[in-house]
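One structure is given here, and the rest of the page talks about it.
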Amino acid sequence: MELNLSDLSSMSSQASQEPVEVKVLVLGSGPAGLAAALYAARAELHPVVLTGMEIGGQAAVTHIIENYPGFPDGVGGQEMAELFQKQAERFGAKFEFDSATEVDLSSRPFRVKSYNGQYLAETLIITTGAHPNHLNVPGEKELTGRGVSYCATCDGWFFKEKDVVVVGGGDSALEEGLFLTRYAKSVTIIHRRDQLRAGAILQSRAKDNPKIKFIWDTIVTEVVGEEAVKGVQLKNKKTGEESVLPTDGVFIFIGYTPNTQMFEKQLAFDGNGYLVTNNLMETSVPGVFAAGEVNDPNFRQVITSAGMGAAAAIQATRFIESHSA
Ligand code: NAP
């Protein structure tokens with residue numbers, strides 16, 4: 001049957017009038033969401049996952065993941081996401097290619113609106129992740145995955161004996177820059193000021209590392225290259241001088257933004273915009289759990305996010321058991 005636009009809009013308004021009741025609603029389908037779906041499905045809670053724009057989240061755009069146990073030869077990020085999804089579906093998880101647009105956590109069941117419908121959820125597992133901030137300069141988007149990266153742990157290995165630059169002056173830039181010295185011939189940290197934001201220990205480690213150089217008071221105005229990164233166009237903020245620095249890789253660590261806007265004024269946040277959970281993955285609202293990068297500013301790994309997702313689902317299962325008549 002062929003659908004036209006008016007059919008679709010009437011279907012969507014029909015869907016929005018009749019909330020779907022679920023025991024577990026998972027928001028997001030990165031490693032945390034997919035692992036939560038698997039565990040909730042195996043507890044026979046028939047979880048529904050609103051996938052967001054991309055199944056697998058940030059991991060899915062990683063060329064190859066070589067640090068997830070069980071894959072001695074590595075696994076493509078997208079392939080891994082498909083495997084996680086298939087495993088969760090095998091036990092009854094349902095995936096909707098849809099995104100939540102609004103949540104009401106003031107009473108249970110929680111009311112969630114999405115682009116295509118509405119849900120009444122006994123428990124909510126928030127795994128909406130975080131996104132690395134971008135420089136938003138010419139060449140950055142085009143060369144992402146071709147020399148531009150936001151993850152040294154994921155991509156550092158590809159830069160063995162190469163020259164790379166790191167943009168940023170915070171803990172992430174220095175920590176990831178130090179990690180990159182395992183592989184790269186040289187790591188040049190480009191910072192927009194002459195004072196680092198990073199903590200003292202990381203600063204002295206970076207300054208003591210013979211592979212690390214600094215360029216101060218400088219911003220990247222363009223990433224240069226056709227098929228792959230060849231260099232960065234720089235501008236000194238104090239002198240206005242412009243130059244091109246040849247490089248094989250550009251690692252950008254200028255902060256992360258957790259995807260939490262929807263939960264503002266409803267859940268507790270830390271000072272950096274991450275959701276606060278206890279060690280049982282419970283947020284400030286009973287029945288709402290959070291896992292992965294939405295509440296993890298520290299580890300940002302597939303395995304840690306997946307572990308947190310599993311823990312959140314186990315705790316959601318306990319919550320449902322203790323609240324059922
Ligand atoms: P961050 O502390 O916000 O640092 C971001 C850095 O990027 C700053 O140096 C900032 O410059 C620079 N920056 C921001 N926007 C920029 C732009 N458009 N162009 C050029 N530079 C730009 O972010 P983070 O390093 O990811 O750290 C986030 C949080 O996680 C922090 O609380 C940090 O302490 C924590 N963290 C801790 C560890 C650890 O303890 N081992 C490791 C990683 C992260 P300015 O300094 O001029 O603002």
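The values are calculated or read from the model by the stated rules, or taken from the named source; none is laboratory data. Just so we're clear, the structure is a prediction, and the values are computed from it rather than from any experiment. So basically every Cβ, Gly included, is an ideal-geometry build from the backbone, and we count neighbours across all protein chains shown. Keep in mind that these areas ignore ligands, DNA and RNA; they rest on the heavy atoms of the full protein, side chains included. Shrake-Rupley method; radii C 1.70, N 1.55, O 1.52, S 1.80 Å.
Brief remarks on what is shown
- In a residue-by-residue description of segment 239-255, the property of being open to solvent by less than 40 Å² (accessible area, probe 1.4 Å) and over 29 Å from Ile65 (Cβ atoms) applies to at least one position.
- For segment 244-302, the strands (runs of 3 or more DSSP E) that sit wholly inside it and include 3 or more residues that are modelled with pLDDT of 95 or more and farther than 13 Å from Ala312 by Cα are 249-252.
- Test: residue in segment 65-78 that is buried (at least 23 other Cβ atoms within 10 Å of the Cβ) and either touching a Ser or Thr at 6+ places or on another chain (Cβ under 9 Å) or outside the structural domain of Ala310 (by TED's automatic domain parsing) (or both): no
- Residue within segment 303-312 that is within 20 Å of Ala81 (Cα to Cα), assigned by TED's automatic domain parsing to the domain that holds Pro31 and either of a type in the set (Val, Ile, Thr) or not in a helix (DSSP H, G or I) (or both) present: yes
- Residue match in segment 227-234 (condition: near the ligand (Cβ under 10 Å from one of its atoms) and free of Cβ contacts under 8 Å to residues at least 60 places away in the same chain): no
Each row is one residue, and each column tells you yes or no for (1) more than 26 Å from Glu241 (Cα to Cα); (2) more than 21 Å from the chain's Cα centre (by Cα); (3) more than 10 Å from the ligand (Cβ to nearest atom).
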site	(1), (2), (3)
Leu174	no, no, no
Leu180	yes, no, yes
Thr188	no, yes, yes
Arg197	no, yes, no
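- Condition check for Asp296 on (1) more than 28 Å from Gly170 (Cα to Cα); (2) crowded, with 19+ Cβ neighbours inside 10 Å: one failure, at (1).
- Any chance Leu83 is open to solvent by 60 Å² or more (accessible area, probe 1.4 Å) and among the aliphatic types (A, V, I, L, M): yes
- Count of residues meeting criterion [among the hydrophobic types (A, V, I, L, M, F, W, C), open to solvent by less than 10 Å² (accessible area, probe 1.4 Å) and under 22 Å from Val244 (Cβ atoms)] in segment 135-159: 2
- Per-region count, segment 160-191, residues in a loop (DSSP other than H, G, I, E, B) and either open to solvent by less than 10 Å² (accessible area, probe 1.4 Å) or in contact with a strand residue (DSSP E or B) (Cβ under 8 Å, 6 or more places away or on another chain) (or both): 7
- Pro258 being touching a Phe, Trp or Tyr at 6+ places or on another chain (Cβ under 8 Å), within 10 Å of the ligand (Cβ to nearest atom), farther than 21 Å from Asp163 by Cβ and in contact (Cβ under 8 Å) with a residue 40 or more places away in the chain: no
- Qualifying position, being closer than 25 Å to Arg146 by Cα, out of contact with any Leu (no Cβ under 9 Å at 6 or more places or on another chain) and not aliphatic (A, V, I, L, M), among Thr247, Thr221: Thr247
- Residues located in segment 219-264, provided they are on the phi > 0 side of the Ramachandran plot and under 24 Å from the mean Cα position of the chain (by Cα): Gly255
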